[in-house]
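Report on the following structure.
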Amino acid sequence: MNSEDIHEKRELSKIGLSTYLDEITLAHLDSITDNLVKELEANLDDSYKEIYQSHLNNEYYNIEDTYYKEEQLLAIQEIKIIHLYRNFEVIIKKLLRAAYNIDISKMYRWNNIEVFLSEKKIDYKNIPHYEEVNNLRLVNNHLKHWVEGEKSKIDHISDFSGNEIRQIDLLNFYNNTKDKPLRWFFNLREKIYDNLYVFDEDRINNISEHFALRMDRDTANKFIKNLLEKY
């Protein structure tokens, strides 16, 4: 590959990474479920009024239908959270594959992603909104895998106030969280860009020292000559 080809490939890669998934959205289910949620909430309001009136009149009221609607609302909120996290997980893997040309099949666990970023010396935990991203992961895992009797890992999240997860808890958590993963993603993308293409004095010195510890002068001169021929 000649110097012109290298320059073109590098600059195209820089542009591609800096704009990667610019138009992406994560909360796809909102538009699909909003009308259904409104309809269920309206029906439940009517049911609650009927239950109250039946109580005042000392009349029997079958509340099974009300329970069913409440469970439907709960299920919708659970699905939205799981869907949000799944979409977020997918774009993170796509970003890492695009940036580093890696096999993302090894990134099947969040811990593997964190280990990879740490190896690249990317301080992902200090990127704004990491806490919300991690909480989304914990809630997703709780909804999918938690069984009664296990210690909950979401007690610290302010949106959940009791042992039983209510529909309103999930709704509040979702609304407070849904915009944060994408913000974290774009900040991570900037960190990855810096990792690949930005070389300050300290970084250049560290790289130079790394090779100096492995190369003698003759080898270093050959390396420098070969490198400069690429430009």
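Each reported figure results from applying straightforward, stated rules to the coordinates on display, with no laboratory input. Computed from a prediction, not measured in an experiment: that's the story for all the values here. Positions of Cβ are generated from backbone atoms using ideal geometry, with glycine treated the same way; all protein chains shown enter the neighbour counts.
Under the combined filter of DSSP loop state and at most 16 neighbouring Cβ atoms within 10 Å, the stretch 136-231 retains these GluC sites (Glu not before Pro): Glu148, Glu150, Glu164, Glu229. Its DSSP H runs of at least 4 residues, each contributing -39,500 (n - 2.57), put the calculated 222 nm mean residue ellipticity of the chain at -23500 deg cm²/dmol, to the nearest 500.
For the chain, taking the reciprocal of the average inverse distance between every pair of different Cα atoms yields a Kirkwood hydrodynamic radius of 21.9 Å.
Beyond 24 Å between alpha-carbons counts as too far, so tell me which of Lys9/Lys93; Lys94/Lys191; Lys38/Lys178; Lys80/Lys153; Lys14/Lys93; Lys80/Lys144 fall in that bin. Result: no pair exceeds 24 Å.
Highest mean first, the peptides 83-92, 50-59 sorted by other C-beta atoms within 10 Å per residue fall in the order 83-92, 50-59. Highest average first, the peptides 1-12, 132-143, 95-106 ordered by how many other beta carbon atoms sit within 10 Å of their residues are 132-143, 95-106, 1-12.
Taking other residues whose beta carbon is less than 14 angstrom from the beta carbon of Glu23, and scoring Lys, Arg as +1 and Asp, Glu as -1, yields +1. Counted residue by residue at 0.36 nm each, then reduced by the alpha carbon distance between them, the extension gain from Arg86 to Glu50 reaches 9.0 nm. Hydrodynamic radius of the stretch 44-95 by the Kirkwood approach over all distinct alpha-carbon pairs: 13.6 Å.
Take the Cα of Arg109, go 7 Å toward its beta carbon, and the backbone nitrogen atoms of the stretch 127-142 under 17 Å from that spot belong to 137-138, 141-142.
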